[in-house]
């Protein structure tokens with residue numbers, strides 16, 4: 001059952017990425033960085049880890065990992081779209097409700113995007 005195996009790996013690695021992303025976001029904003037650039041920086045750091053983990057383990061097949069430049073380019077194209085959505089949502093919360101609410105909203109936004117991202121990664125990036 002590749003979908004079950006992939007889903008469980010994606011969930012485990014996603015939690016690790018979420019913790020890294022959220023921790024960096026909180027740290028960057030605590031030290032005065034605005035929410036939008038902090039979101040961009042924290043997502044970039046967690047995306048590098050996620051590309052490698054998902055290509056090496058989650059979506060690997062009997063022939064090995066699913067990394068490489070073509071996949072890397074497709075990954076970053078998808079990442080840009082998801083990052084724009086994430087940044088707009090998190091920055092909007094910060095602008096309207098304040099930084100502490102943005103800290104709370106960030107994991108909710110990322111989990112919501114991750115659900116769609118799994119199927120997009122599976123179909124478009126690591127195929």
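The values are calculated or read from the model by the stated rules, or taken from the named source; none is laboratory data. Keep in mind the model is a prediction, meaning the values are calculated, not measured. Counting neighbours? That spans all protein chains shown, and the Cβs are built from the backbone with ideal geometry, glycine included.
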Could you tell me whether any residue of the stretch 7-30 is touching a residue at least 40 places away in the same chain (Cβ under 8 Å) and part of a loop (DSSP other than H, G, I, E, B)? no
With respect to residue 86, is the statement that it is within 21 Å of residue 125 (Cβ to Cβ), at pLDDT 95 or above and not in a strand (DSSP E or B) true? yes
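Any residue that is closer than 14 Å to residue 37 by Cα, crowded, with 17+ Cβ neighbours inside 10 Å and over 10 Å from the mean Cα position of the chain (by Cα) - is there at least one of those in the stretch 114-121?
no
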Which residues, counting only those in the stretch 46-65, are surrounded by 17 or more Cβ atoms within 10 Å (Cβ to Cβ) and either in contact with a strand residue (DSSP E or B) (Cβ under 9 Å, 6 or more places away or on another chain) or in a helix (DSSP H, G or I) (or both)? 46, 47, 50, 51, 53, 54, 55, 58
From 22, 101, which residue is modelled with pLDDT of 95 or more and under 16 Å from the mean Cα position of the chain (by Cα)? 22
